[in-house]
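One structure is given below, encoded as structure tokens.
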Amino acid sequence: MAGRIEDYALIGDMQTAALVCRDGSVDWLCFPRFDTDAVFAGLLGTEEHGFWRLGPAHAADSPPPAAARRTYRGDSLILQSEWDQPGHGSVRVIDFMPPRDGAPQLIRIVEGLSGLVQMQSTLRMRFSYGRVVPWVHQVGGRTVAVAGPDAVWLDTDVETHGEDLTTHSDFTIQEGDRVAFTISWQPSHHTQPPLADPKGALEATTEFWREWVEQCTYYGPYREAVVRSLITLKALTYAPTGGIVAAPTTSLPEDIGGVRNWDYRYTWLRDAAITLSSLLRTGYREEASAWRDWLLRAVAGDPENLQIMYGIAGERELGEAQLDWLPGYENSGPVRVGNGAAHQLQLDVYGEVTEALHLAHMAGLARNDYASALQLKLIRYLEDHWDEPDEGIWEVRGPRRHFVHSKVMAWVAVDRTIKLIESGEADGPLERWRELRDDIHRDVCEKGYDKERNTFTQSYGSKELDASLLLIPQMGFLPPDDKRVIGTIEAIQRELSTPDGFILRYPTDGEAEGVDGLPGDEGAFLACSFWMADDLAMIGRVDEARKLFEKLLALRNGLGLLAEEWDSRLQRQVGNFPQAFSHVPLIDTALRLTAWDAYGTSDVVKSQSPCPLPAGGFHRAAQRTEDWETPGQSLVPDRGVAHKPEAL
């Protein structure tokens with residue numbers, strides 16, 4: 001039986017990832033990419049669908065023991081789990097996936113800490129998401145499992161035996177001993193991969209993460225949470241192309257036992273764009289540049305048919321299917337692969353992409369003429385389509401609507417492109433697009449605002465609220481001290497808060513199909529709760545913002561990871577895990593609150609950006625202007641016409 005979502009740890013090699021439960025079981029792993037078939041799919045089914053448990057021996061009729069302690073080795077993605085066996089001793093298992101140089105590998109190293117401990121390795125490989133039992137045999141003293149195009153090789157120094165279509169190892173470990181296991185994926189028609197070097201791979205992986213984390217420019221009071229989130233975002237980046245997956249999993253439910261189960265192993269333009277902004281603000285330009293290159297390849301010469309998401313190499317066809325042989329996480333079916341929302345119309349994506357390109361330009365990334373040309377093409381498309389209904393940021397599967405957030409982000413796209421032209425980096429019909437910007441702004445304020453309740457609404461003519469409206473001041477559409485902004489923040493806080501103070505995306509109707517066309521409820525969307533903390537800080541309620549932020553930090557599991565949502569009724573994490581769209585706003589809110597700590601002025605907090613560009617981040621938890629890497633620079637970039645903070 002799979003563990004609770006928050007019981008899992010993430011390990012990965014920037015091309016795929018595995019989830020390791022507290023009992024030492026790897027219950028999810030796709031080889032060789034995030035979006036290929038799982039070889040361990042027990043997370044979405046049972047042990048019959050594949051898993052690899054490594055830990056202290058236990059009786060067949062008792063559950064495997066959970067680790068007493070788990071941590072990542074420093075600022076890395078190397079997991080360390082420790083068990084204490086009373087009367088016997090203690091043992092540690094180190095799990096990691098080395099950044100890939102050849103065949104993808106998952107390495108597990110067992111270390112004896114004290115005494116003598118009986119250990120078990122139970123390896124059940126099931127290809128094609130648990131449906132296919134491989135042919136397992138020996139080749140030159142190595143164990144290989146083959147099914148169709150896939151082969152997984154097992155290397156270890158301890159004896160193994162097969163039983164019940166499973167590979168077992170039983171051994172003892174004493175203080176000072178070290179035993180390693182490695183599985184490596186290879187196309188089945190290739191020759192066998194080289195033998196693993198677990199010790200050398202561990203050293204190289206440790207050094208990789210040490211060097212990567214050293215680039216971080218943030219040294220504020222929330223550094224531990226920020227760095228862990230950055231490492232998670234790096235782990236969700238597909239290194240060969242620069243694409244960023246929303247999460248490494250599919251079909252972890254937003255509603256336990258319900259049907260809100262989706263495949264997140266693709267690159268959403270929206271999620272990737274906001275990830276880019278956080279990476280830029282914390283010193284990571286290489287990843288930002290790689291994502292921009294990925295974007296240009298994915299969109300190619302067809303911006304009029306911009307998709308909301310693509311495959312991690314830029315694939316366009318992400319057809320949705322159901323895996324009927326998998327019962328789903330805690331019987332939450334169906335299990336889906338692919339995503340039918342790929343071809344939805346979501347006009348807000350144009351704003352997020354343009355904003356990302358704008359931030360990249362402000363951060364000093366090398367000029368790319370095609371990026372500017374793409375931005376101009378996107379605006380020409382919006383000129384003719386911004387006033388159409390769409391499916392919106394939440395990918396509703398009900399009727400299209402005139403979602404206010406979509407219109408606001410269309411305004412953002414036009415506004416940032418005007419700035420590009422004004423900077424002299426591009427040519428375009430400046431006056432015409434200034435008029436277009438004004439037209440969109442006027443339309444939203446007239447049709448998307450409820451004067452009686454003093455709040456913007458989810459869509460034109462609707463009385464419903466939507467947490468995406470919290471982005472209005474953050475995008476510079478209106479200044480934070482505008483009464484309509486304050487009214488919207490307070491209305492969302494009043495009507496979309498859970499009993500424990502977190503924020504829902506929008507109202508759901510239980511068994512009935514609501515605005516999103518789906519039955520059932522869902523948890524509080526963690527990104528929305530971080531947006532609320534940001535907005536509270538922007539309107540001067542900083543103590544309240546900090547209290548909410550710290551409550552959100554407390555929801556992370558013991559390893560600092562967040563899923564997509566929080567179920568306030570069940571008091572547990574729900575949704576795909578770990579979720580980029582949760583870790584990005586964590587970083588942004590930390591930067592905004594750190595700006596307040598450093599400068600003690602609402603001018604910083606009210607600005608649209610939580611952190612300066614181009615240098616990004618705080619240096620030594622800066623307390624004076626001179627402590628910034630570029631003294632005297634403006635605290636924030638000019639991201640909108642509504643509010644223009646003065647330079648220090």
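The values are calculated or read from the model by the stated rules, or taken from the named source; none is laboratory data. Small disclaimer: the values here were computed from a predicted structure and weren't measured. Don't worry about glycine lacking a Cβ; one is built from the backbone with ideal geometry, like all the others, and counts go over all protein chains shown.
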For the stretch 306-322, how many residues are in a loop (DSSP other than H, G, I, E, B) and in contact with a Leu (Cβ under 8 Å, 6 or more places away or on another chain)? 4
Checking the conditions here, which among GLU207, GLU211, GLU224, GLU203 is farther than 20 Å from TYR284 by Cα, modelled with pLDDT of 95 or more, among the charged types (D, E, K, R) and under 33 Å from the mean Cα position of the chain (by Cα)? GLU203
Single unsatisfied condition, GLU6 versus (1) within 25 Å of GLU320 (Cα to Cα); (2) assigned to a helix (DSSP H, G or I): (1)
Kindly indicate whether ASP543 is over 18 Å from the mean Cα position of the chain (by Cα), modelled with pLDDT of 95 or more, acidic (Asp, Glu) and surrounded by 23 or more Cβ atoms within 10 Å (Cβ to Cβ). no
Do any residues in the stretch 76-90 that are in the same structural domain as THR232 (by TED's automatic domain parsing) have Cβ atoms under 6 Å from those of residues that are surrounded by 17 or more Cβ atoms within 10 Å (Cβ to Cβ) and in a strand (DSSP E or B), where the two are at least six apart or on different chains, and which pairs are they? none
Given (1) in a loop (DSSP other than H, G, I, E, B); (2) closer than 23 Å to ASP164 by Cα; (3) among the charged types (D, E, K, R), identify the lone condition not met by ASP27. (1)
Single match in GLY398, GLY424 (criterion: within 16 Å of ASP466 (Cβ to Cβ) and either surrounded by fewer than 15 Cβ atoms within 10 Å (Cβ to Cβ) or touching a Phe, Trp or Tyr at 6+ places or on another chain (Cβ under 6 Å) (or both)): GLY398
Which listed residue, of ALA246, ALA225, is closer than 26 Å to TYR264 by Cβ, among the aliphatic types (A, V, I, L, M), touching a Leu at 6+ places or on another chain (Cβ under 7 Å) and surrounded by 15 or more Cβ atoms within 10 Å (Cβ to Cβ): ALA225
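Is it fair to say ILE183 is within 24 Å of LEU43 (Cβ to Cβ), among the aliphatic types (A, V, I, L, M), surrounded by 20 or more Cβ atoms within 10 Å (Cβ to Cβ) and not assigned by TED's automatic domain parsing to the domain that holds TYR238? Walk me through how you get there before you give the answer.
On the way: within 24 Å of LEU43 (Cβ to Cβ): yes; among the aliphatic types (A, V, I, L, M): yes; surrounded by 20 or more Cβ atoms within 10 Å (Cβ to Cβ): yes; not assigned by TED's automatic domain parsing to the domain that holds TYR238: yes.
It is true that ILE183 is within 24 Å of LEU43 (Cβ to Cβ), among the aliphatic types (A, V, I, L, M), surrounded by 20 or more Cβ atoms within 10 Å (Cβ to Cβ) and not assigned by TED's automatic domain parsing to the domain that holds TYR238.
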When the stretch 427-438 is examined, which residues are found to be charged (D, E, K, R) and either exposed (fewer than 14 other Cβ atoms within 10 Å of the Cβ) or out of contact with any Phe, Trp or Tyr (no Cβ under 9 Å at 6 or more places or on another chain) (or both)? ASP427, GLU431, ARG432, ARG434, GLU435, ASP438
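If only one of ARG265, ARG210 is surrounded by 24 or more Cβ atoms within 10 Å (Cβ to Cβ) and either touching a Ser or Thr at 6+ places or on another chain (Cβ under 7 Å) or in contact (Cβ under 8 Å) with a residue 24 or more places away in the chain (or both), which one is it? Lay out the reasoning, then the answer.
Numbers: ARG210 fails: surrounded by 24 or more Cβ atoms within 10 Å (Cβ to Cβ).
Within the list ARG265, ARG210, the selection yields ARG265.
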Those residues of the stretch 211-262 which are farther than 26 Å from VAL335 by Cα and of a type in the set (A, V, I, L, M, F, W, C) amount to TRP212, VAL213, CYS216, ALA225, VAL226, VAL227, LEU230, ILE231, ALA239
Tell me, which strands (runs of 3 or more DSSP E) wholly within the stretch 64-112 include 2 or more residues that are within 18 Å of GLU6 (Cα to Cα) and not basic (Lys, Arg)? 69-72, 79-85
Restricting to the stretch 61-83, name every residue that is surrounded by 20 or more Cβ atoms within 10 Å (Cβ to Cβ) and of a type in the set (Gly, Ala, Ser). ALA67, SER81
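Look through SER289, SER332 and report the one residue that is of a type in the set (Ser, Thr, Tyr) and in contact with an Asp or Glu (Cβ under 8 Å, 6 or more places away or on another chain).
SER332
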Every residue in the stretch 357-392 that is part of a loop (DSSP other than H, G, I, E, B), modelled with pLDDT under 90 and on the phi < 0 side of the Ramachandran plot, please. ALA363, LEU365, ALA366, ARG367, ASN368
Filter result for the condition that a residue is more than 25 Å from GLU111 (Cβ to Cβ) and in a strand (DSSP E or B), over GLY162, GLY220: GLY162
If you go through the stretch 279-297 one residue at a time, do you hit one that is of a type in the set (A, V, I, L, M), buried (at least 23 other Cβ atoms within 10 Å of the Cβ), touching a strand residue (DSSP E or B) at 6+ places or on another chain (Cβ under 8 Å) and without any contact (Cβ under 8 Å) to a residue 60 or more places away in the chain? no
Given the conditions (1) under 19 Å from the mean Cα position of the chain (by Cα); (2) assigned to a helix (DSSP H, G or I), and given that THR354 satisfies all but one, which numbered condition is not satisfied? (1)
Under 24 Å from THR488 (Cα atoms), among the charged types (D, E, K, R), in contact with a helix residue (DSSP H, G or I) (Cβ under 8 Å, 6 or more places away or on another chain) and modelled with pLDDT under 95: is that true of ASP415 in this structure? no
What is the one condition in (1) in a helix (DSSP H, G or I); (2) touching a Gly at 6+ places or on another chain (Cβ under 9 Å); (3) more than 19 Å from GLN346 (Cβ to Cβ) that PRO253 does not satisfy? (1)
For ARG434: the one exception among (1) charged (D, E, K, R); (2) closer than 17 Å to GLN346 by Cα; (3) modelled with pLDDT of 95 or more: (2)
